[in-house]
Structures are given as structure tokens and as C-alpha cells.
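Enquirer: Structure provided below as C-alpha cells; questions to follow.
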Amino acid sequence: MALLPLLAPGSDTHGSFSDAVWSVAKITAAIAAVVVAGRYLLNPFLRLLAGTGRARVMTAASLLLVLGTAALMAAVGMSMALGAFLAGVLLAESNYRHELEADIEPFRGLLLALFFMGVGMSIDLSVVYANLWLIIAAAW
């Protein structure tokens, strides 16, 4: 995944080969850091938070983890969605996945709505207008 932006036609995001190698190294290191931290630090951290007995602390910590991982991926040049996905995978593999799922259940509808609003806002309306009859025919 780290190499895909380099394969894009007409991509001048990297000036030289050494810049491209440095970019791939940063992305690989960031992904490795997230995975290693998730494997070795996430369960003890969640155990500490679960000891407080407050569900809102677990919810806030999990959302902060997702946002932080997304920001880290954006900082190294990858999409924020990749960071959010990695954090979600790490949270789903933790020992506290069932507790986190129960804590986040009331927010499920809101988070789904935000996701679909984000997808809808990224639609290129000029492409939709150019192919309006094709879209109507496909929907019919």
C-alpha cells in the first residue's frame, strides 16, 4: 500500500528516487509502530482504563486512539482512513473488544451517518451531471 502512490500516472509528489524511498520508509515505519504499539501497549492500557470502572473513559480512549492513528497516517502521507482502519483492527483484536463494542453501541448510528456523509461529500458532482442519464438508467 505504501508503494501505490508512486505508481500513479503523472505523479510528481516525489522529486527523486531517494525522496520516494524516504517516503516509503516513513510510511512503513509508521504502520509498524502502530501495529507494535497496538500489540504490546494496547491491552495493558485498556486494562488500566477498565480498572476505573467508567465506560466513558474507555469510549473516549478508543476514539482518541482512532483519531491519533488517523492523524499519524495523514502526517506520513497516507489516508486517514487507513489509520482509522488500523486502529479499528487493533481494538477488535484486544481483550476488551466486547466491552468496547458495548460502550460504542449507542454511537453506532451517529458514526455511520458521519461516514456516509463523508462519502457523499466526496462525490464529484460534475461527473454525476455528465452521466446523469446513465445513473438514472442504472438505478431504474
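Enquirer: Note down all Cβ pairs under 8 Å where the first residue falls in region 85-96 and is closer than 9 Å to residue 38 by Cα, the second is among the basic types (Lys, Arg), and they're at least six residues apart or on different chains.
Expert: 90/39; 91/97
Enquirer: For region 77-104, enumerate the residues that are of a type in the set (Asp, Glu) and within 11 Å of residue 42 (Cβ to Cβ).
Expert: Going through region 77-104, the residues of a type in the set (Asp, Glu) turn out to be 93, 99, 101, 103.
Within region 77-104, just 93 meets the criteria.
Enquirer: What is the number of the single condition among (1) within 17 Å of residue 107 (Cα to Cα); (2) hydrophobic (A, V, I, L, M, F, W, C); (3) at pLDDT below 90 that residue 78 does not meet?
Expert: (1)
Enquirer: Among the residues of region 31-59, which ones are over 16 Å from residue 95 (Cβ atoms), open to solvent by 60 Å² or more (accessible area, probe 1.4 Å) and modelled with pLDDT of 90 or more?
Expert: If the condition is that a residue be over 16 Å from residue 95 (Cβ atoms), open to solvent by 60 Å² or more (accessible area, probe 1.4 Å) and modelled with pLDDT of 90 or more, then 36 is the only one that fits.
Enquirer: Still on this structure, please answer the following. List the residue pairs whose Cβ atoms are under 7 Å apart, where the first residue sits in region 34-62 and is touching a residue at least 40 places away in the same chain (Cβ under 8 Å), the second is part of a helix (DSSP H, G or I) and among the hydroxyl-bearing types (Ser, Thr, Tyr), and the two are 6 or more positions apart or on different chains.
Expert: If the second residue must be part of a helix (DSSP H, G or I) and among the hydroxyl-bearing types (Ser, Thr, Tyr), the pairs left are 34/69.
Enquirer: Just need a number here: residues in region 60-71 that are crowded, with 18+ Cβ neighbours inside 10 Å and under 10 Å from the mean Cα position of the chain (by Cα).
Expert: Looking only at that region, the number is 3.
Enquirer: Within region 103-134, can you find the residues that are surrounded by 13 or more Cβ atoms within 10 Å (Cβ to Cβ) and among the hydrophobic types (A, V, I, L, M, F, W, C)?
Expert: Going residue by residue through region 103-134, those that are surrounded by 13 or more Cβ atoms within 10 Å (Cβ to Cβ) are 103-104.
Across region 103-134, the qualifying residue is only 104.
The values are calculated or read from the model by the stated rules, or taken from the named source; none is laboratory data. Source: prediction; values computed, not measured. FYI the Cβ positions are ideal-geometry reconstructions off the backbone, even for glycines, and counts take in every protein chain you see. Each accessible area value is taken on the protein alone, full model and side chains, heavy atoms only, with ligands, DNA and RNA left out. Shrake-Rupley method; radii C 1.70, N 1.55, O 1.52, S 1.80 Å.
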